[in-house]
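S.K.: Below are the structure tokens for one structure; questions will follow.
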Amino acid sequence: MRWYHHVSLIVTCGIIFGLLFTFLITSVMVDGPKGNEVEFMVTFARNLLPGLGLGFLCTCCIYPFAMIEAN
């Protein structure tokens, strides 16, 4: 694989993991999305950067081990 394939995989997985972590963090803080929708969206927006950071951190920690196993 070329370098840009690795970069695109890391960015894609980081965004997916980040959105998942953001949703999980927000759900715990607001008691799920079935409550007040406006409060959920505001809290989701507030937690977006930390969630994405956590997603990219997890992706960068897991990715080298996945590449070792793939080869």
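S.K.: Before we move on, is G18 small (G, A, S) and at pLDDT 90 or above?
M.R.: On the way: small (G, A, S): yes; at pLDDT 90 or above: yes.
Here the answer is yes, as G18 does meet what is asked.
S.K.: Right, another one. Of a type in the set (V, I, T), modelled with pLDDT under 90 and either under 17 Å from F65 (Cα atoms) or not in a loop (DSSP other than H, G, I, E, B) (or both): is that true of T12 in this structure? Break it down stepwise before answering.
M.R.: Values: of a type in the set (V, I, T): yes; modelled with pLDDT under 90: no; either under 17 Å from F65 (Cα atoms) or not in a loop (DSSP other than H, G, I, E, B) (or both): yes.
No, not satisfied.
The values are calculated or read from the model by the stated rules, or taken from the named source; none is laboratory data. Given the structure is predicted, the values throughout are model-derived calculations rather than measurements.
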